[in-house]
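The next block holds one structure in the form of structure tokens; read it before the comments.
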Amino acid sequence: MTRATPALQIDNVTVHRGGREVLKDVTLRIDGAGLIGVVGPNGGGKSTLLSVITGRLPVSRGAVQVLGQSPARAAPRLGFVPQAAGFDRGFPISLRGMVATACLVPGLGLWRQPDRGQEARVDAALARMGLSDLAGRPLSALSGGELQRGLIARALATEPDMLLLDEPTASVDLDHAERLFELLCGLGQRVPVIVVSHDLAQIAAHSDRVFCVLGSVWEAARHASAADLAEQIFKRPAHCARREVGL
């Protein structure tokens, strides 16, 4: 990716799922590092947008470029963080072992012992998320916030060029939510960090930009408050404000 190449470029994209049009005429651009919030009601298309960016869902019309490549080619350079609430905490593995699963061979499902370089990246990711002292704990002994930070550490162990998170504060309390977003702000100084969240207060307080998703996608005004975002995503028609946006 050259300096002039955007981190994410979506042009006139329409997406269908199960025979239903979920997103229509989506155009947006993200040029570089920053914390990017994505908000919208349930069923509005947020998860679909993430699936398009990560290459898990094809588009019906339009073009998508991620880090200057097709989503499928860019996928190994992306770090994806699922919701902690959907993660099996009963799996018999330590926090460090879970983070080290980032060393699985893509597409083969094979486990191999991490080499020294990979071990160093795992340790660095744990340290960055403030989890070094908890590395030996089983997942079942972690709080929701600790597990969520562990999932972020797992994504960071691959040294991604873009980080995408699905509802990172869904299973944590207010204090952990604030801490998580502060950590994400730090990560966003180096790479694009795209966060799908219902937590409008944290998104409004910490995001450099916010995109609203409701059948289409539009960018909220800079420095919009949580109340402003709620007004837009729950009362604004789905056909409004389709325009290209960029830094």
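The values are calculated or read from the model by the stated rules, or taken from the named source; none is laboratory data. The shown structure was predicted, so the numbers you read here are calculated from the model rather than taken from an experiment. Every residue, glycine among them, receives a Cβ derived from its backbone with ideal geometry; neighbour counts consider all protein chains shown. Protein only, heavy atoms only, side chains kept; ligands, DNA and RNA dropped before computing areas. Shrake-Rupley method; radii C 1.70, N 1.55, O 1.52, S 1.80 Å.
Out of the strands (runs of 3 or more DSSP E) lying entirely within the stretch 148-232, which hold 3 or more residues that are open to solvent by 30 Å² or more (accessible area, probe 1.4 Å), at pLDDT below 95 and among the polar types (S, T, N, Q)? Please lay out each step first, then the result.
Values: elements: 162-166, 192-196, 209-213, 217-219.
Counting at least 3 such residues, we get no strands (runs of 3 or more DSSP E) at all.
Within the stretch 32-42, can one find any residue that is of a type outside the set (D, E, K, R), touching a strand residue (DSSP E or B) at 6+ places or on another chain (Cβ under 8 Å) and open to solvent by 10 Å² or more (accessible area, probe 1.4 Å)? Show your work before the answer.
First pass over the stretch 32-42, keeping only residues of a type outside the set (D, E, K, R): 32-42.
Checking which are touching a strand residue (DSSP E or B) at 6+ places or on another chain (Cβ under 8 Å) leaves us with 32-40.
If we keep only those that are open to solvent by 10 Å² or more (accessible area, probe 1.4 Å) as well, we get 32-33.
There is at least one residue in the stretch 32-42 that is of a type outside the set (D, E, K, R), touching a strand residue (DSSP E or B) at 6+ places or on another chain (Cβ under 8 Å) and open to solvent by 10 Å² or more (accessible area, probe 1.4 Å).
Hey, among Pro76, Pro41, which residue is in a loop (DSSP other than H, G, I, E, B) and either modelled with pLDDT under 95 or touching a Pro at 6+ places or on another chain (Cβ under 9 Å) (or both)? Break it down into steps so the answer makes sense when it comes.
Numbers: Pro76 fails: in a loop (DSSP other than H, G, I, E, B).
Being in a loop (DSSP other than H, G, I, E, B) and either modelled with pLDDT under 95 or touching a Pro at 6+ places or on another chain (Cβ under 9 Å) (or both) holds for just one of Pro76, Pro41, which is Pro41.
Restricting the stretch 79-105 to residues that are of a type outside the set (Phe, Trp, Tyr) and part of a strand (DSSP E or B), which is farthest from Arg17 (Cα to Cα)? Before the answer, list the steps.
Residues of the stretch 79-105 that are of a type outside the set (Phe, Trp, Tyr), as a first pass: 79, 81-86, 88-90, 92-105.
Next, only the ones that are part of a strand (DSSP E or B) stay: 79, 81, 94, 105.
Details: Gly79: 24, Val81: 22, Ser94: 37, Val105: 29 Å.
Checked the stretch 79-105; the qualifying residue farthest from Arg17 (Cα to Cα) is Ser94.
Would you pick out the residues in the stretch 81-95 that are modelled with pLDDT of 85 or more and buried (at least 20 other Cβ atoms within 10 Å of the Cβ)? Before the answer, list the steps.
Residues of the stretch 81-95 modelled with pLDDT of 85 or more: 81, 92-95.
Residues satisfying the conditions are Val81, Leu95.
Is one or more of the residues making up the stretch 142-158 farther than 23 Å from Arg89 by Cα and not aromatic (Phe, Trp, Tyr)?
Step one: of the stretch 142-158, the residues farther than 23 Å from Arg89 by Cα are none.
No, that holds for no residue.
What about Pro6, is it assigned to a loop (DSSP other than H, G, I, E, B) and touching a helix residue (DSSP H, G or I) at 6+ places or on another chain (Cβ under 9 Å)? Let's see the steps before the verdict.
Values: assigned to a loop (DSSP other than H, G, I, E, B): yes; touching a helix residue (DSSP H, G or I) at 6+ places or on another chain (Cβ under 9 Å): no.
Taking the combined requirement at face value, the residue does not satisfy it.
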